[in-house]
Amino acid sequence: MSAYGHQMEQEFSSQSLLSREDTESGSQYVLESGFYMKSFAATIFIAGLLIVGVLLVTLLVTLAVMLQSCESRSKGVVEIETASDSYHHCKAFALHGELNSLEEPEIPPVCWNLAIHYIEGGEYERDLNFMISMIESFFDTISPSDNHLDVVLMDIDDILASNHTYSYQSMHQQQFNQYGSNKPSGSIEDAANLKHWRILELYVKLKSRGWSLILLSRKPERQRNVTDEQLKAVGFNGWSSLIMRSDSEMEMETWEFFRRRRTAMKEEGTQIISVISSQLDALTGSSLGKRVFKLPKPLHYNSQTPTLRR
């Protein structure tokens, strides 16, 4: 056989061998690098890439949600801290306002909003009920002396300033129905009515136990008859005396007016057991007795115009 024929035979043998290998092994993919991959392995490889991609996308979405949640939480903390700061600021300002008799235009707007929330949220009612309970607990431990010289001073201006026009009979029934089951006060008017009812309830209870009750007012003496009628109209009867300001005392600071009247009572032999008020001017100075009680007040206001703006 010639050399050319021999060469053709070898090439034919090589092609036959490759054809047999392809038949036995199935289809293959040839990469440029010379790496061979079967179709089944390629399917697995592509599926793996898809799974990894899905996992990466899921991880990114999860991280984004977590980041947003952290931002919302941080924002909430900031808002809570801001509200808390405003609350403490207004609480301090209310005390400052009472000590210095500040007028309505001097009250920061944010404090009006918090004062309304303090009432409508029911916190004022809880504070009032708690303080009334403290007063009652104190008087449960003591009794008036036989000489009838022991007295309790009660500030009545907060009640009369509410401008109630209904009679005691209707008020008693309405307030019992509304607050007898400790129903929360949901408005400023409800809170004023609740305060009226609870103080009247305390007044009646102390009087029934034999305590002499002296009522305090910042109003001028010339309004005595009108004030007397207003008190009786809303259920306050049988007091020992009603202290009002003479013309010469109208120019005097109210805390000084109350202090002088208490001192005069003490010099006359009267024994002051307690002073009950929601305003600091009646609870300042000497001769305050054994125990003073300050009723809660949402925000300082002028005693002649006790209203809150919305």
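Quick note: the coordinates plus some simple rules give every number you see, no bench work behind them. Since we're looking at a predicted model, the values are computed, not measured. Reconstructed Cβ throughout: ideal geometry from the backbone, glycine too, with neighbour counts over all protein chains shown.
Assuming R0 = 41 Å, what is the FRET efficiency of LYS290 and SER86, from their Cβ-Cβ distance, to the nearest 0.05?
0.65
Rounded to the nearest 0.05, what FRET efficiency do LEU95 and GLU123 give with R0 = 22 Å and r taken as the Cβ-Cβ distance? Could you check?
Taking R0 as 22 Å, the efficiency between LEU95 and GLU123 is 0.85.
Starting from the Kirkwood radius over alpha-carbon pairs of region 198-306, derive D by Stokes-Einstein at 20 °C in a medium of 1.002 mPa s and give it in µm² s⁻¹.
143 µm²/s
If you stretched the chain out fully between MET134 and SER241, how much longer would it get, using 0.36 nm times the residue separation minus the C-alpha to C-alpha distance?
Length gained, MET134 through SER241: 36.0 nm.
Using the beta-carbon distance between SER248 and GLU106 and R0 = 35 Å, what value does 1/(1 + (r/R0)^6) give for FRET efficiency, to the nearest 0.05?
Approximately 0.75, to the nearest 0.05.
Amide H to amide H under 5 Å from ARG245: which residues, 5+ apart in sequence or cross-chain, H placed 1.01 Å off N in plane?
Under 5 Å from the amide H of ARG245 lie the amide H atoms of LYS219, GLU221, each far enough along the sequence or on another chain.
Taking a 23 Å limit on the Cα-Cα distance, which of the listed pairs LYS219/LYS290; LYS195/LYS266; LYS195/LYS219 fall beyond it?
LYS219/LYS290; LYS195/LYS266, as the Cα separations exceed 23 Å there.
For ALA264 paired with LEU49, estimate the spin-label separation in nm (one decimal), with each label point 7 Å from Cα along the Cα-to-Cβ line.
10.2 nm
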